[in-house]
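The values are calculated or read from the model by the stated rules, or taken from the named source; none is laboratory data. These figures come from a predicted structure and were not determined experimentally. Neighbour counts run over all protein chains shown; Cβ positions are idealised from the backbone, glycine included.
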Amino acid sequence: MPPFRQVGEKQLPQEVLFMAWSPKRDLIALANRAGEVSAAMNRSITFPGREVRQTVLAFGLNDTKRIILCDVEKPESLHSFSVDSSITYMHWMEVTEESSVLTSFYNAEDESNLLLPKLPALPKKIGNFIFWYTAQHVFFSFYRLNALVLGGSSGFIEVYAYGMFKIALVTGVPGSCRGLCLSSDLKSLSVITEIQDSPDSEAEMTYFQLDTSLLSSYLPEVTRMARKFTHISTLLQYIKLSLTCMCEAWEEILMQMDSRLTKFVQEKNTTTSVQDEFMQLLLWGKASLELQALLMNQLTVKGLKKLGQSIESSYSSIQKLVISHLQSGSEALLYHLSELKGMALWKQKYESLGLDASGIEDAITAVGSFILKANELLQVIDSSMKNFKAFFRWLYVAMLRMSEDHVLPELNKVMTQKDITFVADFLTEHFNEAPELYNRKGKYFNVERVGQYLKDEDDDLVSPPNTEGNQWFNFLKNSTHLKGNLCFIQ
């Protein structure tokens, strides 16, 4: 037999701890002592694993006990999750078992592509846009099931379909994992562990072979569950990024009215409420000296105009994102969860795999409530845009008259009784002082109602929509038969 012949050599700046080679792609992944994996991620790397068909690289971080999946073509994280132990070995395999059932299953087109509309593209300025776009194309392009097998200290072994969905957890294996291999037909898992009773004793290497025929017997079901989980995971990320876009569209400048009015309450010397001060300006065209100082010196005509433009622009952007992205993503998520519930009810095929309908029903209820809250946000945005437009138009003209500036003819119109009633209702609802709100938020007013839906806070809504007198809400509240009914989501 002829000796091996060296065909290449390359000098590296750091000592290589682990490496993995993908013959199909002719790629080598290296993890060095400096914590670098190809794109120099400055972490403590445990072991890289190369996905066998696509361009996904998996590696573990010792310090955070996290597994990262990234695209080899682009230095972007596609998915990450935490584990309970430091990873000492990982293995990525592809199922090669052939059968008529599997062939028809693999060739079957995903019905969601036919029944669901295509999700609108996320704005590219969002930092994780590449994540979602790449994850959509990479994870959904897998033809066969593949699995990432993780081994760690204290007998820790887990199996993840497509590197994302945990399909198996092995317990009771002694020692620290030093090698493992899941057979290509999913019927057995071979494990090599190192057992050391004490620091002074000699380590013992042990080989185990575990029966994993349950996964092999239910291979089509496992594959379908894994694909469904991948859909759900990427949709959750899509919704999260849509919310990020909405939060970026909402500006802090919209809070100026609340802070200025709160400061006005703290500094004014009169006993008249802020609501009465604005009502007098609306009905009699006269403002107190304190209100004039607030409007002309702090808010200013220019500042009011800028605030009005910011509110209109911000609310329009948020409204479009809710309609085009948030609602479509939530409805797609509800579709996949409903399909998953149907799978769970088919107990003959999925009960042995641990798929439980009760937990899925809770998720469906949560998504339904989220969709209702998105619709509620749309109603608040629509109402706020109309209210603010009328309020700012009236206040802008009033401030121009205070400063004796020229009022354009199209603005200098006599307000009708309907206009006065509209602004008066807005003042009554939004300019009512709330001392209990000051104790919670440090302000007496909550004129801007949209931001409370977007800020990441655990508190309830500061100003929830008024449902008093709503016959449907009263009917559900008073009905003893409908309470807790899964058909009604609130």
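Key figures
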item	result
Residue check, F426 modelled with pLDDT of 70 or more and either closer than 22 Å to E376 by Cα or buried (at least 18 other Cβ atoms within 10 Å of the Cβ) (or both)	yes
Selected residue (only one of S198, S217, S233 is assigned by TED's automatic domain parsing to the domain that holds T55, surrounded by fewer than 15 Cβ atoms within 10 Å (Cβ to Cβ) and within 30 Å of A363 (Cβ to Cβ))	S217
Test: L182 is crowded, with 20+ Cβ neighbours inside 10 Å, more than 29 Å from the chain's Cα centre (by Cα) and closer than 21 Å to T88 by Cβ	yes
Among the candidates M246, M257, residue that is surrounded by 20 or more Cβ atoms within 10 Å (Cβ to Cβ), at pLDDT 70 or above and more than 27 Å from K166 (Cβ to Cβ)	M246
Strands (runs of 3 or more DSSP E) (entirely within region 1-90) containing at least 3 residues that are small (G, A, S) and modelled with pLDDT of 75 or more	77-82
